[in-house]
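Q: The structure that follows is given in the form of structure tokens.
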């Protein structure tokens, strides 16, 4: 006890020294004031402040913070639009002036949050008021870019920066939602009908092309067959004429009447008609005059063949 009474001032000094030690957590910065006036900042780690005279006024978080928003806006054509979004923001940087601005701009974080939310909602409402209901659903990206452009300057003056704004949901009144569903359904039916019509047109076109190609191929084949038949008939006639000429020449050399062979060929032809006619009716002039006329024609053909040689 005597020792404590003798060295009490040492104990008081140790208490005062330890009361000046300050631990600042990672992700935060401590703002120090002296007699109510800004003095300096303390960064993460163990630091020392003057006991009694220096105070930790506020600890500023430099980590990202988020808040969810739900609010209503009205379009140019007086349709109610309901938004659900998420706001991500943080302190602009870790510079002393920025931290000082953040610490003293608003009384509390609650006031900051209220100002931030109202600023974002006002920007979105101002944008939506210039658009029609049918345009809103496809303008999510434009809304976000517009809000960032509008409030970035205000946030920077407060010492904050808007990291991201995500519009998670956009809805309308139930009647409008029902009418939009009907429009989508009718558009889907229209698209399905157009696709079906195009498919049918393609099917018909391909079928017509195939039929046309088949007709073309058949016509070419028939043309080629006719050409070959014509060549066959011509060759047959040529061979018949040659045979008749040779037979006539041989009979002439044997001093025989050529009418004999012609008559034989005539009767042979009538025999062939009867054998291969397959029931078809063939009219021939069997009178002596008719046979004589046919003979004259055959002789004329023979003479023409000999003259050609």
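The values are calculated or read from the model by the stated rules, or taken from the named source; none is laboratory data. Please read all numbers here as calculations on a predicted model, not as lab measurements. Positions of Cβ are backbone-derived with ideal geometry, glycine not excepted, and every protein chain shown enters the neighbour counts.
Q: Just name the residue that is nearest to residue 99 (Cα to Cα) out of those in segment 123-138 that are modelled with pLDDT of 85 or more and surrounded by 15 or more Cβ atoms within 10 Å (Cβ to Cβ).
A: Result: 123.
Q: Please specify each residue of segment 19-30 satisfying the condition of being in contact with a strand residue (DSSP E or B) (Cβ under 7 Å, 6 or more places away or on another chain) and within 11 Å of residue 61 (Cα to Cα).
A: Answer for segment 19-30, where residues must be in contact with a strand residue (DSSP E or B) (Cβ under 7 Å, 6 or more places away or on another chain) and within 11 Å of residue 61 (Cα to Cα): 24, 27, 28, 29, 30.
Q: Now, a different point. Give the residues of segment 52-81 that are at pLDDT 85 or above, closer than 25 Å to residue 29 by Cα and assigned to a loop (DSSP other than H, G, I, E, B), sorted by residue number.
A: Scanning segment 52-81 gives 53, 62, 63, 64.
Q: Right, residue 51: surrounded by 12 or more Cβ atoms within 10 Å (Cβ to Cβ), without any contact (Cβ under 8 Å) to a residue 24 or more places away in the chain, farther than 30 Å from residue 174 by Cβ and outside the structural domain of residue 126 (by TED's automatic domain parsing) or not?
A: Answer is no for this residue.
Q: Would you be able to say whether some residue in segment 79-88 is under 38 Å from the mean Cα position of the chain (by Cα), closer than 14 Å to residue 155 by Cα and surrounded by 13 or more Cβ atoms within 10 Å (Cβ to Cβ)?
A: Yes, segment 79-88 has at least one match.
Q: Scan segment 90-108 and tell me whether some residue there is free of Cβ contacts under 8 Å to residues at least 60 places away in the same chain, outside any loop (DSSP other than H, G, I, E, B), touching a helix residue (DSSP H, G or I) at 6+ places or on another chain (Cβ under 6 Å) and assigned by TED's automatic domain parsing to the domain that holds residue 163.
A: Within segment 90-108, one or more residues are free of Cβ contacts under 8 Å to residues at least 60 places away in the same chain, outside any loop (DSSP other than H, G, I, E, B), touching a helix residue (DSSP H, G or I) at 6+ places or on another chain (Cβ under 6 Å) and assigned by TED's automatic domain parsing to the domain that holds residue 163.
Q: Could you tell me whether segment 147-155 includes any residue that is touching a residue at least 60 places away in the same chain (Cβ under 8 Å), closer than 25 Å to residue 63 by Cα and either surrounded by 13 or more Cβ atoms within 10 Å (Cβ to Cβ) or touching a strand residue (DSSP E or B) at 6+ places or on another chain (Cβ under 9 Å) (or both)?
A: Yes - at least one qualifying residue is present in segment 147-155.
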